[in-house]
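Here is the structure we will look at.
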Amino acid sequence: MDKSLSLASKVSEQPRSSKKKITPLGVLGYVVKYSIILLLSVSFILPLYWMAMSALKIPEQVFQIPPIWFPVPARWVNYIEAWQVDEFSLFLFNTIFRYCIPVVIGTVVSNTLVAYSFGRLKWPGRDVLFAICLMTMMIPGQVTMVPVFIIFKHLGWVNSFKPLVIPSFFAGAYNIFLLRQFFRTIPEELSDSARIDGANEFQILAYVILPLVKPALAVVALFSFMGAWNDYMGPLIYINQSKLFPISLGLASLSATLNQVGIKGLAYPYLMAVSTIVTIPIILIFFFAQRTFIEGIALTGMKG
Amino acid sequence: MTLAQRLKIRRISAKERRQLAIGLLFASPWILGFLFWTVYPLISSLYYSFTRYDLLRPPVFIGLQNYKEILFTDPHFKVVLPNTLYYVFFSVTLSTITAFLIAYLLNTKIVGRPFFRAIFFFPAIVPITVVAMMWGYLLNPQYGAINAVLRALELPIIPFLSSPDLAKPSLVMINMWACGYGMVLFLASLQDVPRELYEAAIVDGANEFHKFWFITIPMVSPVILFNLVTGFIWGFQDFSLPWLLTGGGPNEATEFFALHLFRNAFRYLRMGKASAMAWLLFVMIIIFTYLLFKTSARWVYYGSEDRK
């Protein structure tokens, strides 16, 4: 193995130096490669660009053919008017304070505890339970959906955020797995020396482990926030009163309202304006936490 | 001697008991959640699937009637099943291929890789309601951008979502657009392929295709499997995008398993029938996953021990 490696690295120096020569074929390949990537990335971003630009149009621009890709003048007031078509400020409040924040707290706290147990404590039966935990990922949500709905209905929790929030305090296989992966990278000696100093497991978790796994907690917090922000099906099942709508239901119902009225005038600009606003937090999160994202995803796929 | 032994044993078991107590205490959120939201629902869902239950009156046991109805007499289900298989198969395979090809492109020597990676990833995290609104508008036959361009070029318009033939391919296309998660996984695994392998292959006279087929593909095959398995599990349950964009139409062309199930459960309040459908869905997912893993022995390469 070692021999072939050193041989390979020696030999590979030759083609590497010859690559520096600019050949017509090389230039062509270069051009083709970048054209493909540019074309692809434009087509990936164009739908979002179209959405943001359509939000600024006046009725005449909406129906113009060929379509206008950059509306002049831009009608910025569409954003304000669209926001006032329905109670979007209330929907935003519901989403953030009744759904996202409680879910983030529940998810981070519960999964940290459970992942600590599965990842860093030794107890009989642990591995069997962890295997069962991983297997639950295969169970489609539809199987448990009906009985869980019936439970919450009997509890009188329909038309509240409890059915969407409370389960997040009971941890989930995906996040347990993700955090456990992180926890196991921390040397056991750190825990052991804390144990010798008389720390109990809660103290070890809080003072030794947690400061070292902040990035992992960020991944879990981020994903659970986005999960709640983007969730449509959960609220669709449990929330019927428009006073309690999260923003996803608000947007969907705006589309239904505008469809009923008929697609005319500013219907599409309004719809695209609210869509853009709903996307902005995701853009911001992504912009500031891109590393966390990419690493978090790469990590979950690693042991797949 | 015997006393010492017994003492020793008792001491170990006491210590173990303590460890067990602490372990269970920390794991208790999941254990309780598992009982509340998985074990109990699984059992009661199985029971409901043998009953007629509309939430108003108590469930009535009717044996296998729900299953018989779904599989043999339900006129909708004859459409729903092929719809679902078509949609899941093409969504999963085509978006896996798209994700892989983009990752492969980005893994070459390229200026601004993080920038392009961000662009290709971002669609995957756009809220599903926004995806539906945006694509619904883009693909609209009268007002959508794509058809406006076609009209300007005096080409025939494409009735994407309003045509029974094109509705499913349109949804598949949107899923390909949102393949970012798979792309990031592929890119990470492509970057982990040891360079020495390629260099050794060059020494042996391998061309680009050889390198791709005999090194790249085997080395990322575990990620291909991971993407296919998660893709199928997710695909069978996909609800929000078709529900928002087509609502199952036109002419039931996009009435998929998850939509049909939701409709039965929460629109017609047929909880028993919906539970039976859910179990059929579960069985389908298990069969697909099993088949994937079974064939994977032939094409997935789990590196040799001496690496890493």
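Considering the range B:220-245, the residues that are within 8 Å of the chain's Cα centre (by Cα) and of a type in the set (A, V, I, L, M) include one that is farthest from the other protein chains (Cβ to nearest Cβ), namely B:228. Checking each residue in the range B:191-225 for being more than 30 Å from residue B:180 (Cβ to Cβ) and either assigned to a loop (DSSP other than H, G, I, E, B) or not assigned by TED's automatic domain parsing to the domain that holds residue B:101 (or both) picks out B:204, B:205, B:206, B:207.
Pull up the range A:160-175, narrow it to residues that are more than 12 Å from chain B (Cβ to nearest Cβ) and of a type outside the set (A, V, I, L, M, F, W, C), then point me to the one that is nearest to the chain's Cα centre (by Cα). Among residues in the range A:160-175 that are more than 12 Å from chain B (Cβ to nearest Cβ) and of a type outside the set (A, V, I, L, M, F, W, C), the one nearest to the chain's Cα centre (by Cα) is A:162.
Pick from the range B:54-70 the residues that are touching a residue at least 60 places away in the same chain (Cβ under 8 Å) and touching a Lys or Arg at 6+ places or on another chain (Cβ under 8 Å): which of them is nearest to residue B:82 (Cα to Cα)? Here the residue is B:70.
Restricting A:90, A:121 to those that are touching a residue at least 12 places away in the same chain (Cβ under 8 Å), in the same structural domain as residue A:201 (by TED's automatic domain parsing) and more than 27 Å from the chain's Cα centre (by Cα) reduces the list to A:121. Taken over the range B:264-294, the residue count meeting the criterion of being touching a Lys or Arg at 6+ places or on another chain (Cβ under 9 Å) and more than 7 Å from chain A (Cβ to nearest Cβ) is 4. Considering only the range B:164-190, how many residues are more than 10 Å from every other protein chain (Cβ to nearest Cβ), within 25 Å of residue B:127 (Cα to Cα) and in a loop (DSSP other than H, G, I, E, B)? Residues flagged as more than 10 Å from every other protein chain (Cβ to nearest Cβ), within 25 Å of residue B:127 (Cα to Cα) and in a loop (DSSP other than H, G, I, E, B) within the range B:164-190 amount to 1. Among the residues in the range A:109-119, are any surrounded by fewer than 22 Cβ atoms within 10 Å (Cβ to Cβ) and closer than 23 Å to residue A:160 by Cβ? Yes: the range A:109-119 contains one or more residues that are surrounded by fewer than 22 Cβ atoms within 10 Å (Cβ to Cβ) and closer than 23 Å to residue A:160 by Cβ.
Only a single criterion out of (1) away from chain A (no Cβ under 12 Å); (2) small (Gly, Ala, Ser); (3) buried (at least 17 other Cβ atoms within 10 Å of the Cβ) is not satisfied by residue B:297, namely (3). In the set (1) surrounded by fewer than 15 Cβ atoms within 10 Å (Cβ to Cβ); (2) of a type in the set (A, V, I, L, M, F, W, C); (3) under 16 Å from the mean Cα position of the chain (by Cα), residue B:111 fails one condition alone, (3). Could we say that residue B:110 is closer than 23 Å to residue B:178 by Cβ, part of a loop (DSSP other than H, G, I, E, B) and within 11 Å of chain A (Cβ to nearest Cβ) here? For residue B:110, the condition - closer than 23 Å to residue B:178 by Cβ, part of a loop (DSSP other than H, G, I, E, B) and within 11 Å of chain A (Cβ to nearest Cβ) - is met. For the range A:106-113, the criterion of being without any contact (Cβ under 8 Å) to a residue 60 or more places away in the chain and facing another protein chain (nearest Cβ under 10 Å) is met by none of the residues. Check whether at least one residue in the range A:217-224 is assigned by TED's automatic domain parsing to the domain that holds residue A:108 and either more than 30 Å from residue A:182 (Cβ to Cβ) or without any contact (Cβ under 8 Å) to a residue 60 or more places away in the chain (or both), and report yes or no. Within the range A:217-224 (the criterion being assigned by TED's automatic domain parsing to the domain that holds residue A:108 and either more than 30 Å from residue A:182 (Cβ to Cβ) or without any contact (Cβ under 8 Å) to a residue 60 or more places away in the chain (or both)), the answer is no, since none of the residues qualifies. Can you tell me which of (1) more than 10 Å from every other protein chain (Cβ to nearest Cβ); (2) more than 26 Å from the chain's Cα centre (by Cα); (3) aromatic (Phe, Trp, Tyr); (4) more than 30 Å from residue B:238 (Cβ to Cβ) is the one residue A:157 doesn't meet? If we test residue A:157 against (1) more than 10 Å from every other protein chain (Cβ to nearest Cβ); (2) more than 26 Å from the chain's Cα centre (by Cα); (3) aromatic (Phe, Trp, Tyr); (4) more than 30 Å from residue B:238 (Cβ to Cβ), just (4) comes out false. Examine the range A:253-267 for a residue that is surrounded by 21 or more Cβ atoms within 10 Å (Cβ to Cβ) and at pLDDT 85 or above, and state whether such a residue exists. Within the range A:253-267, one or more residues are surrounded by 21 or more Cβ atoms within 10 Å (Cβ to Cβ) and at pLDDT 85 or above. Comparison of A:248, A:224, A:275 shows that the only residue that is more than 15 Å from residue B:129 (Cα to Cα), modelled with pLDDT of 90 or more and part of a helix (DSSP H, G or I) is A:224. When the test is whether a residue is modelled with pLDDT under 95, crowded, with 19+ Cβ neighbours inside 10 Å and in contact with a strand residue (DSSP E or B) (Cβ under 8 Å, 6 or more places away or on another chain), residue B:84 does not pass it. Just so you know, in the range B:22-52 the residues that are among the β-branched types (Val, Ile, Thr) and more than 16 Å from residue A:143 (Cβ to Cβ) include one that is nearest to the other protein chains (Cβ to nearest Cβ), and it is B:22. For residue A:137, the requirement of being among the hydrophobic types (A, V, I, L, M, F, W, C) and modelled with pLDDT under 90 is met. Could you pull out the residue among A:89, A:117, A:110, A:160 that is among the small types (Gly, Ala, Ser) and at pLDDT 95 or above? Of the residues listed, the single one that is among the small types (Gly, Ala, Ser) and at pLDDT 95 or above is A:110.
When the range B:216-242 is filtered for residues that are aromatic (Phe, Trp, Tyr) and out of contact with any helix residue (DSSP H, G or I) (no Cβ under 6 Å at 6 or more places or on another chain), only B:234 remains. Of these, B:166, B:190, B:185, which one is closer than 18 Å to residue A:47 by Cβ, modelled with pLDDT of 85 or more and in contact with a helix residue (DSSP H, G or I) (Cβ under 9 Å, 6 or more places away or on another chain)? The conditions single out B:166. Taking (1) at pLDDT 90 or above; (2) on the phi < 0 side of the Ramachandran plot in turn, residue B:250 satisfies each apart from (1). Yes or no: the range B:54-74 includes at least one residue that is part of a helix (DSSP H, G or I), buried (at least 20 other Cβ atoms within 10 Å of the Cβ), of a type outside the set (A, V, I, L, M) and more than 10 Å from every other protein chain (Cβ to nearest Cβ). Checking the range B:54-74: at least one residue is part of a helix (DSSP H, G or I), buried (at least 20 other Cβ atoms within 10 Å of the Cβ), of a type outside the set (A, V, I, L, M) and more than 10 Å from every other protein chain (Cβ to nearest Cβ). Listed conditions (1) within 14 Å of another protein chain (Cβ to nearest Cβ); (2) surrounded by fewer than 16 Cβ atoms within 10 Å (Cβ to Cβ) are all met by residue A:212, apart from (1). With respect to (1) more than 24 Å from residue A:290 (Cα to Cα); (2) touching a Ser or Thr at 6+ places or on another chain (Cβ under 8 Å), the lone exception for residue B:140 is condition (2).
The values are calculated or read from the model by the stated rules, or taken from the named source; none is laboratory data. Remember, it's a predicted structure, so these values are computed and weren't measured experimentally. Virtual Cβ from ideal backbone geometry, glycine too; neighbours counted across all protein chains shown.
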